[in-house]
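Have a look at the structure below before the remarks.
The values are calculated or read from the model by the stated rules, or taken from the named source; none is laboratory data. Worth saying up front: this structure is predicted, and the values here are computed from it rather than measured. A quick note on method: Cβ atoms are made from the backbone with ideal geometry, for glycine too, and the neighbour counts reach across all protein chains shown. Heads up: the accessible areas ignore ligands, DNA and RNA and are worked out on the full protein's heavy atoms, side chains in. Shrake-Rupley method; radii C 1.70, N 1.55, O 1.52, S 1.80 Å.
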Amino acid sequence: MAVRIKEGDVYQIPLPDGRFAFAHYLQWNEQLGCLMKVFDFISERELKNPEALKSAGELFPPVFAGLKGAVKA
């Protein structure tokens with residue numbers, strides 16, 4: 001089942017060791033896919049409030065990710 005995301009959504013990425021990484025969906029490009037910002041922040045638990053990420057920096061500049069098979073923009 002595809003997950004529908006929209007511009008501005010912040011979501012968590014479960015890591016193999018049980019921790020969580022976080023990304024911000026910036027925009028959709030028909031040719032390149034989803035433009036994503038990945039935060040330089042790892043948490044031991046799920047975050048209930050994405051406001052906690054406001055002070056987190058970027059792990060690297062925003063990138064286009066081929067998420068079309070996993071999400072529906």
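Data for the structure
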item: Cβ-Cβ under 7 Å pairs, at least 6 apart or on other chains, segment 55-73 side of a type in the set (Phe, Trp, Tyr), far side surrounded by 10 or more Cβ atoms within 10 Å (Cβ to Cβ) and at pLDDT below 90; result: 64/29; 64/32; 64/33; 64/34
item: In segment 10-44, the residues that are open to solvent by 90 Å² or more (accessible area, probe 1.4 Å), modelled with pLDDT of 90 or more and in a loop (DSSP other than H, G, I, E, B); result: 16, 17, 44
item: Cross-chain or 6+ apart pairs with Cβ under 9 Å, segment 17-43 first and in contact (Cβ under 8 Å) with a residue 60 or more places away in the chain and farther than 12 Å from residue 53 by Cα, then surrounded by fewer than 17 Cβ atoms within 10 Å (Cβ to Cβ) and of a type in the set (Val, Ile, Thr); result: none
item: Segment 3-43, residues that are closer than 19 Å to residue 62 by Cβ, among the polar types (S, T, N, Q) and touching a strand residue (DSSP E or B) at 6+ places or on another chain (Cβ under 6 Å); result: 12, 27
item: Within segment 53-71, tally of residues that are surrounded by 13 or more Cβ atoms within 10 Å (Cβ to Cβ) and modelled with pLDDT under 80; result: 2
